[in-house]
Amino acid sequence: SFHSLTARVRVVRYTAIVNDETVDEGTIWVKRLRPRVSRLLIEFTVPDRYYVALSDKKAEIYRPKIATVEEYDISRFRNLADQLWLLSFGAAGRDLAARYQASFKGEEKAAGQPAVKIEMVPRSAQLLQHVPRIEMWISTEFWQPVQQKVYEITAGDYRLYTYTEVKWNFAFPDARLQLPTPPGTKRIHPQK
C-alpha cells in the first residue's frame with residue numbers, strides 16, 4: 001500500500017528536430033492524501049534551482065531567481081490529469097489496464113535495478129492527442145516505476161524520468177509539499 005515516496009529524479013527532455021537534450025535533476029516528494037488524490041513536489045537543483053508542485057486542481061512552477069510562481073488551473077483537465085497520475089506511484093494494475101493498452105516488452109535494467117519494461121498506449125482519444133505512448137520500467141524488487149519514457153506528439157520527442165535512491169512510505173510533513181516562496185514572490189497566471 002502506497003502512502004508516500006521521496007527519490008532523486010532525473011528528467012531528460014529530448015527534441016528530435018534539433019537533436020537537443022536538456023537534463024534537470026533534483027528530488028521528488030509524493031504523498032497520497034486519500035484514494036486517487038495525491039500531491040507532488042519536485043525541487044530541481046541541476047542545472048538551476050526551480051520547483052514544480054502538483055495537486056488535484058493546480059500546477060505551480062516556482063523560479064526563485066526571478067521570485068515568480070506560474071500558476072495553472074488544471075481542474076478542467078481533470079480526466080487527463082487522472083490518467084497521467086496513474087503513471088506515478090502506487091497505481092493499481094487494474095486501473096492502468098482500464099486506461100491503457102499495455103504490452104510486456106521484456107526484462108531490462110533501469111535506474112540500476114532489474115525491471116520489467118511495459119509499453120502503454122492510452123485508450124483515451126483525448127490523451128492520445130498529447131501522448132501517443134509511454135514506456136515504463138517497473139522494479140522487480142518493489143513493483144513500482146523506476147523509469148518512464150513519455151513520448152510526445154512530435155515524432156521523436158520524449159521525456160525520460162528516472163528515479164533513484166527511492167524511499168517508500170517515508171514519513172515527511174505535509175509542509176514539504178508546499179512551495180518555499182518568501183514574502184514578495186510574484187504570482188502570475190499564464191492561462192488568463
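Beyond a 23 Å Cα-Cα separation, which of these cross-linked pairs lie in this structure: Lys65/Lys186; Lys109/Lys149; Lys31/Lys186; Lys105/Lys149; Lys31/Lys65? The partial results should precede the final answer.
Working: Lys65/Lys186 12 Å; Lys109/Lys149 14 Å; Lys31/Lys186 27 Å; Lys105/Lys149 13 Å; Lys31/Lys65 27 Å.
In this structure, Lys31/Lys186; Lys31/Lys65 lie more than 23 Å apart at Cα.
Using the Cα gyration tensor of the stretch 51-173, with a ≥ b ≥ c the square roots of its eigenvalues, what is the shape: rounded (a/c below 1.5), prolate (a/b larger than b/c) or oblate (neither)?
Numbers: a/c = 1.67, a/b = 1.24, b/c = 1.35.
Judged from the Cα gyration tensor, the stretch 51-173 comes out oblate (a/c at least 1.5, b/c at or above a/b).
Please report the net charge: other residues with Cβ closer than 13 Å to the Cβ of Tyr50, K and R +1, D and E -1. Mind showing how you got there, number by number?
Working: positive: Arg49, Arg63, Lys65; negative: Asp24, Glu25, Glu43, Asp48, Glu60, Glu70.
Charge balance in the 13 Å sphere: -3.
Largest to smallest in accessible area, the residues Asp56, Asp157 fall in the order Asp56, Asp157 (1.4 Å probe, all protein chains included).
Quick check for you: which residues of the stretch 145-170 have the amide N under 17 Å from the point 7 Å beyond the Cα of Ala16 toward its beta carbon? In the stretch 145-170, the label zone of Ala16 (backbone N under 17 Å from the point 7 Å along Cα→Cβ) covers 149-160.
Note that the chain presents 55 Å² accessible area per residue, ligands and nucleic acids not counted, probe 1.4 Å. In the chain, the calculated helix contribution to ellipticity at 222 nm averages -2500 deg cm²/dmol per residue, counting -39,500 (n - 2.57) for every DSSP H run with n ≥ 4.
For Ala125 and Phe170, the difference between the fully extended length at 0.36 nm per residue and the C-alpha to C-alpha distance is 12.6 nm.
By accessible area, using a 1.4 Å probe on protein heavy atoms only, the stretch 122-166 has 49% of its surface on carbon and sulfur. Residues considered: Pro114, Pro47, Pro132. Largest GNM mean-square fluctuation over the chain, using C-alpha springs under 10 Å, is found at Pro47. Placing pseudo-labels 7 Å out from each Cα toward the beta carbon at Lys109 and Ala91 gives an inter-label distance of 2.6 nm.
Among Arg13, Arg94, Arg123, the largest mean-square fluctuation in a Gaussian network model of the chain (Cα springs under 10 Å) belongs to Arg94. Ligands, DNA and RNA excluded, the heavy atoms of Arg63 present near 80 Å² of accessible surface to a 1.4 Å solvent probe.
The slack between Ile188 and Arg159, meaning 0.36 nm per residue of separation minus the straight C-alpha distance, is 7.9 nm. For the residues Phe170, Phe142, Phe44, a GNM of the chain with alpha-carbon springs under 10 Å puts the largest fluctuation on Phe142. The largest accessible area among His3, His189 belongs to the first residue in His3, His189, and the rest follow in falling order (1.4 Å probe, all chains). Full extension of the chain segment joining Arg8 with Arg63 gains 17.9 nm, where the gain is 0.36 nm per residue of separation less the Cα-Cα distance.
The values are calculated or read from the model by the stated rules, or taken from the named source; none is laboratory data. Keep in mind that what you see is a predicted model, and the values were worked out from it rather than measured. Methodologically, a virtual Cβ is constructed for each residue, glycine included, from the backbone with ideal geometry; neighbour enumeration extends over all protein chains shown. For the accessible areas, the whole protein counts, side chains as well, though only heavy atoms, and no ligand, DNA or RNA atoms are used. Shrake-Rupley method; radii C 1.70, N 1.55, O 1.52, S 1.80 Å.
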